[in-house]
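Written below as structure tokens is the structure these notes are about.
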Amino acid sequence: MSEQEPAPSAAQASAVFRADIVVIGAGQAGLSSAYHLGRLGLAAGRQFVVLDRNPTPGGAWQHRWPSLTLSTVNRVHDLPGMQFSEAVDTSAGEARASEAVPQYFASYERRYRLPIYRPVTVKVVCERFGRLRIETDHEAFSARGIINATGTWETPNVPVYPGSELFKGRQLHTRDYRTAEEFAGKHVVIVGGGISALQHLDEISKVVDTTWVTRSEPRFREGSFTPEDGRAAVALVEDRVRRGLIPGSVVSVTGIPLTPALQAARDRGALKRLPMFSEITEDGVRWPDGSEQKADVILWATGFRSSLDHLGPLGLREDNGGIVMTGRLATQVKKDPRIHLVGYGPSASTIGANRAGSAAARELATFLGLI
């Protein structure tokens, strides 16, 4: 099955396609996993297949806001076997990430003839006669093992605050953000202390008045970020998932790099952070001391949750909501070794996803006796 194949007809909807391994998701982690399964000698389309909910290559990158360019995005790490520069002119730093990355992914899929079936949305995965049944919005699939690479983009995290339903202005999440210009003439409250929140703040504060709030004091990082720093940060997140805790983000450990753009934003007074408000009113937000800020827009740059709801029937989570992970790079679910999660926890980065894809492919293929 390939990206060129049409969606199945209604008559085919009850069919069950069998494969040894089903990879769910065709972003960085899914493509890396598929590449390594092929390198291990597994037959594409018969022993393994990749299911992607998007109609075209690019994973979540194709949905990013237009102003996110190659010069401002966190580095897009090369997929195994093919450099980014082989498909995209990297000298064009102002190229939109939402266009350049899908171009790279599409070239990668063609070069390695990856068996990607799209658009297919996985609805639920459940146990069925000793195999894993993957129900989709088209037909069903039956697998001996799964590499789940669904990332986070489809599951925004929007905190619940008193009065949210009363607000007469507009509320949106990072996932829905497009351009700063759409807020012309309005006051925007930006909530969040991560890299996306700071990118939004930098852009929007050039156009309109903004208020920036976070739950905790942001920690900025000056100077270079060394490979040793990166490994140490990933190790801390890996330790959490091996203990069955909810992962947390790598940036919460590393701090936010103080880029020239953010230094400029600080110089113009845009990085004045306020503590988190306690409630939302009809026309703004209010803090515990009674102070208020009128606002037209609340932008929740509060991150995402791992998109794992389709795995719910398998009972992988602990009582605290976490999943105990094992394996060389903490990609294997301890409760069910047939399931590997890539792009989760310590592998929730482009370079981490590559390494996790390699480990998951080999460990799962070995566990299933395919190599």
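The values are calculated or read from the model by the stated rules, or taken from the named source; none is laboratory data. Note that the coordinates shown come from a computational prediction; the quantities given were computed from them, not determined experimentally. Cβ atoms come from the backbone with ideal geometry, glycine included; neighbour counts cover every protein chain shown.
What to note about this one:
- Reported count of residues in segment 288-307, each being within 17 Å of L245 (Cα to Cα) and not in a strand (DSSP E or B), is 3.
- For segment 312-371, filtered to residues that are closer than 22 Å to V234 by Cβ and acidic (D, E), the residue that is modelled with the highest pLDDT is E363.
A quick yes/no check of all residues on (1) over 26 Å from P119 (Cβ atoms); (2) part of a loop (DSSP other than H, G, I, E, B); (3) of a type in the set (A, V, I, L, M); (4) at pLDDT 95 or above:
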| site | (1), (2), (3), (4) |
| --- | --- |
| A143 | no, no, yes, yes |
| I147 | no, no, yes, yes |
| T150 | no, yes, no, no |
| W153 | no, yes, no, no |
| V158 | no, yes, yes, no |
| P162 | yes, yes, no, yes |
| R178 | no, yes, no, no |
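- Subset of segment 106-158 that is under 23 Å from the mean Cα position of the chain (by Cα) and acidic (D, E) - its residue that is surrounded by the fewest Cβ atoms within 10 Å (Cβ to Cβ): D137
- Annotation note: of V234, V253, the sole residue that is at pLDDT below 85, touching a Leu at 6+ places or on another chain (Cβ under 6 Å) and under 30 Å from K335 (Cα atoms) is V253.
- Scanning segment 126-141 for residues that are in contact with a helix residue (DSSP H, G or I) (Cβ under 9 Å, 6 or more places away or on another chain) and in a strand (DSSP E or B) yields C126, E127, L132, I134, E135.
- The listed residues are S71, S98, and the only one of them that is part of a loop (DSSP other than H, G, I, E, B), in contact with a Gly (Cβ under 8 Å, 6 or more places away or on another chain), modelled with pLDDT under 95 and not hydrophobic (A, V, I, L, M, F, W, C) turns out to be S71.
- Residue check for G248: at pLDDT 90 or above and of a type in the set (G, A, S): no
- Any hit, segment 320-330, residues being crowded, with 18+ Cβ neighbours inside 10 Å, of a type in the set (G, A, S) and under 30 Å from E203 (Cβ atoms): no
- Flag for H310 being in a strand (DSSP E or B) and more than 22 Å from G194 (Cα to Cα): no
- Given (1) at pLDDT 90 or above; (2) surrounded by fewer than 17 Cβ atoms within 10 Å (Cβ to Cβ), number of the condition I298 does not satisfy: (2)
- Between A330, A356, the distinction of being of a type in the set (G, A, S) and in a helix (DSSP H, G or I) belongs to A356 only.
- Number of positions in segment 317-354 that are among the aliphatic types (A, V, I, L, M) and in contact with a Leu (Cβ under 8 Å, 6 or more places away or on another chain): 5
- When A359, A348 are screened for being under 23 Å from the mean Cα position of the chain (by Cα) and without any contact (Cβ under 8 Å) to a residue 40 or more places away in the chain, only A359 passes.
- Any hit, segment 195-216, residues being hydrophobic (A, V, I, L, M, F, W, C), surrounded by fewer than 22 Cβ atoms within 10 Å (Cβ to Cβ) and in contact with a Ser or Thr (Cβ under 7 Å, 6 or more places away or on another chain): no
- Screening the candidates S216, S224 for the property of being outside any helix (DSSP H, G or I) and modelled with pLDDT of 75 or more yields one hit, S216.
- Tally of residues being in a helix (DSSP H, G or I) and either closer than 11 Å to H340 by Cβ or aromatic (F, W, Y) (or both) across segment 18-36: 3
- Of all the numbered requirements in (1) charged (D, E, K, R); (2) within 23 Å of K186 (Cβ to Cβ); (3) loosely packed, with under 15 Cβ neighbours inside 10 Å, R286 misses one, and that requirement is (3).
- Those residues of segment 101-117 which are more than 21 Å from H340 (Cα to Cα) and either basic (K, R) or part of a loop (DSSP other than H, G, I, E, B) (or both), in sequence order: R110, R111, Y112, R113
- If you go through segment 85-105 and keep only what is out of contact with any strand residue (DSSP E or B) (no Cβ under 7 Å at 6 or more places or on another chain), surrounded by fewer than 18 Cβ atoms within 10 Å (Cβ to Cβ) and over 9 Å from G58 (Cβ atoms), you end up with S85, E86, D89, T90, S91, A92.
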